[in-house]
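Please read the structure below before turning to the comments.
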Amino acid sequence: MPEVLTHLLQPGELRGDSKQIYNGLDCCVTFEVHSELQRLFNAESLIYNFERALQGPALEMMMRGFRVDQYERQSGIAALTKSIDKLNNVLQRYAHAVWGKPLNPRSTKQLQEFFYSAMRMPEIWISQKGVRKLSMNRETLEKLEIYFHAMPIVAVILAIRDLSKKREILETEVDADGRMRTSYNIAGTETGRWSSSSNAFGTGTNLQNIPPRLRKIFIADDGWKICGIDLEQAESREIGFLCGVLFGDWSYLDACEGGDLHTTTAKLVWPHLAWTGNRSDDRAIAEQIFYREFSYRDMSKRGGHGTNYYGTPWTMSRHLKVPVGVMVNFQRDYFGAYPCIPRFHRWVAQEIQTKQYLETFFGRGRHFFGRPNDDTTLREAIAYCGQSPTADRLNLAMLNIWKEMGTVVRLTAQVHDAVYFQYRVEDDEAAIIKRALELIQIPMTSPSGRVYTIPGEAKVGWNWGNAHNPSKPLGPNNEFNPNGLTKWKGSDARTRQSGLDRVL
DNA sequence: GACCCCCGCCAC
DNA sequence: AAACGTGGCGGGGGTC
């Protein structure tokens, strides 16, 4: 009970007018918390003041919302429903043949009974947090798929799940004015990232996990055009800079800044390939197949990211669907190429074991309450070093854009390492994007004098999806979208195609 | 019917 | 043996 009230209450008093008293107590708790926060977050508290400042752009985006093409959305729902119904009819025919009753593809319980009891297939167990589980996730179902009599059933189940997930998003309630309003939580994460969710009125949804293929339903306001700027290789560069500052080892940041990190990594990990030194030749070599559908470059990209974050060969081999031995060798060679990475891991372990605390170059600290010797704690701390500065960098840049360009641009969305805004089509597009790209950069200087910044990459268009590449055949990975976002190269010769936002 | 947890799965 | 991190959502299925 808050101290301020204890002397006012006698034992047993809460039994009487308890609701009013509880209410009073709650107010007192709030007051006591406020007093403590006042003490902690004084004028010197950089991060606290920063978070408060971010309320401006956050509230503006939340109140404005993102315009949705209702026709596009409804026709998407209709098309998906049709496909789902068709697939479901097929599934139910199988289900009745096998066990004489329906099967819900989203029910883990029913799927277990169906495959392991009715179809008598061998059980596939996985372990999560030390607990063995009879999962029915995609990975498990793909293992069941190798049995020929299960193959068509599994394929249908996975397809239904996939399409249902897409339909869920399209079915999210849009406000009466045809705009989707998300709720951004500025201070909801451990790292300084924002989170996003449905809003206080129950409409909208998380706008930070919309699959790329569905983004084209979000469109620019009439007379406005969308620009998106993302920070290139942001988390990798943050770690590269940290390694340089801590150890004077700039090899990883050099690789990031060299232009093509993943090809560079591939050259270091597989030095015996016929590298020429010519950038496009070497990229072509890196894009040759290494294992199954993975090129050397793919392996470098996905394997590098996982390895930076202390992923084990076992887990990464599962994720990349390659044998464990492949990942063991990859990591050995990767650590050989960038010795600052394992050194960085050891440094983080030392820090959390001695201080249980880390602070980024943006001044954001985090206490680690997990057991200091636990790998889980170490992994959280390693991830913090990349994720947190990226979040602060993007948000600081966004705040600067909002402050300086607030009359010229309308902020539209924030997606962790990318910010989207709109500008008037009659305005000087090149000048606006040039200035925004300048503001996105937050230079830092290492104690040794090296200047470090993360460049932004801009895209422009009239809807949030990616434009199709006209020089490649249309297909599932190149869907027709002439109004979509294209990479900004100083100009954009296109004009908005009316009615074509509506093509799904 | 409200509530809750688990599961599977989407993003960066 | 098996945990790369940060999040949010909807459905299933249980309890009250």
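Readers should treat all values here as calculations from the given coordinates under stated rules, not as data from a laboratory. Keep in mind that what you see is a predicted model, and the values were worked out from it rather than measured. Neighbour counts are summed over all protein chains in view; Cβ atoms, including those assigned to glycine, are modelled from backbone coordinates with ideal geometry.
Just checking, how many residues over segment A:126-159 are in a helix (DSSP H, G or I), of a type in the set (A, V, I, L, M, F, W, C) and either within 10 Å of DNA strand B (Cβ to nearest atom) or in contact with a strand residue (DSSP E or B) (Cβ under 8 Å, 6 or more places away or on another chain) (or both)? Qualifying residue count for the region: 3.
Suppose we filter segment A:257-268 for residues that are hydrophobic (A, V, I, L, M, F, W, C) and surrounded by fewer than 24 Cβ atoms within 10 Å (Cβ to Cβ); how many remain? Even if it seems obvious, please write down each step before you answer.
First, the residues of segment A:257-268 that are hydrophobic (A, V, I, L, M, F, W, C): A:261, A:266, A:268.
The next check asks that each one be surrounded by fewer than 24 Cβ atoms within 10 Å (Cβ to Cβ); those that pass are A:261, A:268.
Within segment A:257-268, residues that are hydrophobic (A, V, I, L, M, F, W, C) and surrounded by fewer than 24 Cβ atoms within 10 Å (Cβ to Cβ) number 2.
Set side by side, the residues A:R302, A:R297, A:R332 differ, and just one is of a type in the set (D, E, K, R) and within 16 Å of DNA strand B (Cβ to nearest atom), which is A:R302. Picking from residues in segment A:72-115 that are outside any helix (DSSP H, G or I) and either surrounded by 14 or more Cβ atoms within 10 Å (Cβ to Cβ) or among the basic types (K, R) (or both), the one that is nearest to the chain's Cα centre (by Cα) is A:R106. For A:N373, the conditions (1) within 14 Å of DNA strand C (Cβ to nearest atom); (2) touching a helix residue (DSSP H, G or I) at 6+ places or on another chain (Cβ under 9 Å); (3) free of Cβ contacts under 8 Å to residues at least 40 places away in the same chain; (4) assigned to a helix (DSSP H, G or I) all hold with the exception of (4). Which pairs turn up if I take residues in segment A:193-212 that are on the phi > 0 side of the Ramachandran plot and without any contact (Cβ under 8 Å) to a residue 24 or more places away in the chain and look for partners that are part of a loop (DSSP other than H, G, I, E, B) and within 6 Å of DNA strand C (Cβ to nearest atom) with beta carbon separation below 9 Å, at least 6 apart in sequence or on another chain? Within 9 Å, no pair qualifies. Taken over segment A:428-482, the criterion of being of a type in the set (G, A, S), more than 20 Å from A:I229 (Cα to Cα) and without any contact (Cβ under 8 Å) to a residue 40 or more places away in the chain is satisfied by A:G449, A:S471, A:G475. The single residue among A:D177, A:D249 that is surrounded by fewer than 18 Cβ atoms within 10 Å (Cβ to Cβ), away from DNA strand C (no atom under 11 Å from the Cβ) and over 17 Å from the mean Cα position of the chain (by Cα) turns out to be A:D177.
Would it be correct to say that A:G204 is within 16 Å of DNA strand B (Cβ to nearest atom), over 20 Å from A:G386 (Cβ atoms), in a loop (DSSP other than H, G, I, E, B) and touching a Lys or Arg at 6+ places or on another chain (Cβ under 6 Å)?
On the way: within 16 Å of DNA strand B (Cβ to nearest atom): yes; over 20 Å from A:G386 (Cβ atoms): yes; in a loop (DSSP other than H, G, I, E, B): yes; touching a Lys or Arg at 6+ places or on another chain (Cβ under 6 Å): yes.
Considered against the rule, which asks whether it is within 16 Å of DNA strand B (Cβ to nearest atom), over 20 Å from A:G386 (Cβ atoms), in a loop (DSSP other than H, G, I, E, B) and touching a Lys or Arg at 6+ places or on another chain (Cβ under 6 Å), A:G204 comes out as yes.
From the set of residues in segment A:187-205 that are more than 18 Å from A:Q55 (Cβ to Cβ) and exposed (fewer than 15 other Cβ atoms within 10 Å of the Cβ), which is farthest from DNA strand C (Cβ to nearest atom)? Within segment A:187-205, the match that is farthest from DNA strand C (Cβ to nearest atom) is A:F201.
Specify which of the listed residues (A:L144, A:L111) is touching a residue at least 24 places away in the same chain (Cβ under 8 Å) and within 13 Å of DNA strand C (Cβ to nearest atom).
Details: A:L144 fails: within 13 Å of DNA strand C (Cβ to nearest atom).
Of A:L144, A:L111, the one residue that is touching a residue at least 24 places away in the same chain (Cβ under 8 Å) and within 13 Å of DNA strand C (Cβ to nearest atom) is A:L111.
Does segment A:227-234 contain at least one residue that is more than 8 Å from DNA strand C (Cβ to nearest atom) and loosely packed, with under 14 Cβ neighbours inside 10 Å?
No, because not a single residue in segment A:227-234 is more than 8 Å from DNA strand C (Cβ to nearest atom) and loosely packed, with under 14 Cβ neighbours inside 10 Å.
Being touching a residue at least 60 places away in the same chain (Cβ under 8 Å) and over 29 Å from A:G248 (Cα atoms) is true for just one of A:V408, A:V324, A:V425. Which residue is that? Spell out how you get there, then give the answer.
Numbers: A:V408 fails: touching a residue at least 60 places away in the same chain (Cβ under 8 Å); A:V324 fails: touching a residue at least 60 places away in the same chain (Cβ under 8 Å).
Exactly one residue qualifies, and that residue is A:V425.
Is it the case that A:S196 is part of a helix (DSSP H, G or I) and within 16 Å of DNA strand B (Cβ to nearest atom)? No: the conditions fail for A:S196. When A:T172 is tested against (1) without any contact (Cβ under 8 Å) to a residue 60 or more places away in the chain; (2) buried (at least 16 other Cβ atoms within 10 Å of the Cβ); (3) assigned to a helix (DSSP H, G or I), exactly one condition is not met: (3).
The selection criterion, being hydrophobic (A, V, I, L, M, F, W, C) and near DNA strand B (Cβ under 10 Å from one of its atoms), holds for A:L163.
Taking residues in segment A:116-128 that are more than 12 Å from A:V98 (Cβ to Cβ) and touching a residue at least 12 places away in the same chain (Cβ under 8 Å), and partners anywhere that are among the aliphatic types (A, V, I, L, M) and surrounded by 14 or more Cβ atoms within 10 Å (Cβ to Cβ), the pairs with Cβ atoms closer than 7 Å and at least 6 places apart or on different chains are A:I124/A:L144. Among the residues making up segment A:386-413, those that are in a helix (DSSP H, G or I) and more than 16 Å from DNA strand C (Cβ to nearest atom) are A:L396, A:A397, A:M398, A:L399, A:N400, A:I401, A:W402, A:K403, A:E404, A:M405.
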